[in-house]
1. Looking only at segment 121-156, how many residues end up being in a helix (DSSP H, G or I), in contact with a helix residue (DSSP H, G or I) (Cβ under 8 Å, 6 or more places away or on another chain) and more than 16 Å from Arg101 (Cα to Cα)?
2. If you check Leu94, Leu16, Leu102, which single one turns out to be modelled with pLDDT of 95 or more and over 17 Å from the mean Cα position of the chain (by Cα)?
3. In this structure, does Gly61 turn out to be within 19 Å of Gly19 (Cβ to Cβ) and in a strand (DSSP E or B)?
4. For segment 26-58, which residues satisfy the criterion of being over 30 Å from Phe306 (Cα atoms), in a helix (DSSP H, G or I) and open to solvent by 20 Å² or more (accessible area, probe 1.4 Å)?
5. Pick from segment 274-312 the residues that are part of a loop (DSSP other than H, G, I, E, B) and within 28 Å of the chain's Cα centre (by Cα): which of them is farthest from Val188 (Cα to Cα)?
6. Pairs please, first residue from segment 32-45 and within 12 Å of Phe12 (Cβ to Cβ), second anywhere and among the hydroxyl-bearing types (Ser, Thr, Tyr) and assigned to a loop (DSSP other than H, G, I, E, B), Cβ atoms under 7 Å, 6+ apart in sequence or on different chains.
7. Those residues that are surrounded by fewer than 20 Cβ atoms within 10 Å (Cβ to Cβ), part of a helix (DSSP H, G or I) and touching a residue at least 12 places away in the same chain (Cβ under 8 Å), I need them from segment 254-266; list them, please.
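The values are calculated or read from the model by the stated rules, or taken from the named source; none is laboratory data. Every value quoted in this text rests on a predicted model; they were computed, and no experiment measured them. A quick note on method: Cβ atoms are made from the backbone with ideal geometry, for glycine too, and the neighbour counts reach across all protein chains shown. For the accessible areas, the whole protein counts, side chains as well, though only heavy atoms, and no ligand, DNA or RNA atoms are used. Shrake-Rupley method; radii C 1.70, N 1.55, O 1.52, S 1.80 Å.
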Amino acid sequence: MPDIDSTRPQRFVFVLFDGFSNMVLASALEPLRAASRLPNGPNISWTICSIDGAPVQSSSGLVITPQAGLSSRKPDEKIDYLVVISGYGMRDNLNAQTRARLINVAQHAGHIIGLDTAAWILAACNMLDEKSATIHWQELDQFAEQFPDIIVRQDRFVQDGKFITSGGASTVMELMLHILSGQFGPAVAFDVSNLFVYDAENQYEKTRGADRLRGPGAAFLRRAVSEMLANIETPVSLDAIATNVGCSLRSLDRIFHENLHMAPGKYYQMLRLGRARDLAQSTDFPLTSIALQTGFKSSSTLSRAFSQSFGTTLRALRSRMRT
């Protein structure tokens with residue numbers, strides 16, 4: 001993955017083929033949406049395309065009208081991640097026009113991702129020769145037979161240089177969290193995964209979701225974040241949190257820096273400011289009420305902290321929402 005730079009905008013272009021899985025698309029797109037809406041979240045944008053701009057139909061019959069056709073994009077337009085999604089009938093999607101357009105756009109993409117059966121399409125474009133890749137488990141054997149120059153693996157997802165492949169819906173979100181962590185830092189991936197996981201302990205046993213962190217002290221970190229979330233309105237001291245989770249304050253600080261690259265106090269404040277932003281956007285509560293509900297002594301204290309973190313004010317945020 002590239003060096004972490006949480007401030008650099010990242011552009012994703014999704015290319016859908018008939019027969020794509022709704023679940024695969026949602027598992028790839030929703031983590032990006034969630035990350036972009038985090039307090040101080042990364043600058044992520046995306047465009048949904050088909051090869052020619054025509055509507056595409058999913059495997060369950062849902063028809064999506066894309067925002068653009070791949071052919072209508074400027075040849076030299078920068079793409080950070082080109083995400084190709086196909087499902088059943090991927091062989092029917094292979095023709096000279098498709099190959100030409102994908103190859104042309106891929107030349108200007110920092111990374112090319114093939115989801116579900118899209119590795120077959122990438123392989124047919126000779127993009128995966130001599131590279132490691134995976135595909136949906138139902139196609140693994142035929143994929144290996146059809147493309148003997150590709151090193152076929154059964155991993156949940158595979159990255160080889162600029163090419164990343166994943167074999168099915170259950171692994172796509174894990175891949176996207178991996179990308180978010182590498183591009184924007186582990187704290188972003190951790191926060192996004194928390195939004196999609198209900199039974200954290202069960203997910204931990206499966207090494208998925210919010211508990212995908214498995215570094216030193218990860219169990220203490222999970223409990224500490226739970227303590228913080230339970231005490232947004234009436235913040236407790238970091239000493240008390242450390243005691244409640246069973247470690248020293250010094251250890252808590254080290255654990256947060258090792259896992260999330262952030263001090264626990266800063267992370268706690270970001271949780272409270274994120275709640276304040278949500279209240280400002282979704283309610284008509286006065287700022288004094290929002291300050292009380294997020295543990296700030298006054299609206300001026302909240303406004304000052306929010307402005308320092310996000311470079312804007314809650315009033316300005318509300319004004320933009322209403323225009």
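1. Count: 3.
2. The match here is Leu16.
3. no
4. Ala26
5. In this case the residue turns out to be Thr283.
6. Pro42/Ser6
7. Arg254, Glu258, Gly265 - these are the residues of segment 254-266 that are surrounded by fewer than 20 Cβ atoms within 10 Å (Cβ to Cβ), part of a helix (DSSP H, G or I) and touching a residue at least 12 places away in the same chain (Cβ under 8 Å).
Condition check ((1) polar (S, T, N, Q); (2) within 20 Å of Gly41 (Cβ to Cβ); (3) in contact with a Leu (Cβ under 9 Å, 6 or more places away or on another chain)) across all residues:
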{"position": "Asn244", "(1), (2), (3)": "yes, no, no"}
{"position": "Ser251", "(1), (2), (3)": "yes, no, no"}
{"position": "His257", "(1), (2), (3)": "no, no, no"}
{"position": "His261", "(1), (2), (3)": "no, yes, no"}
{"position": "Gly265", "(1), (2), (3)": "no, yes, yes"}
{"position": "Thr294", "(1), (2), (3)": "yes, yes, yes"}
{"position": "Thr301", "(1), (2), (3)": "yes, no, no"}
{"position": "Gln308", "(1), (2), (3)": "yes, yes, no"}
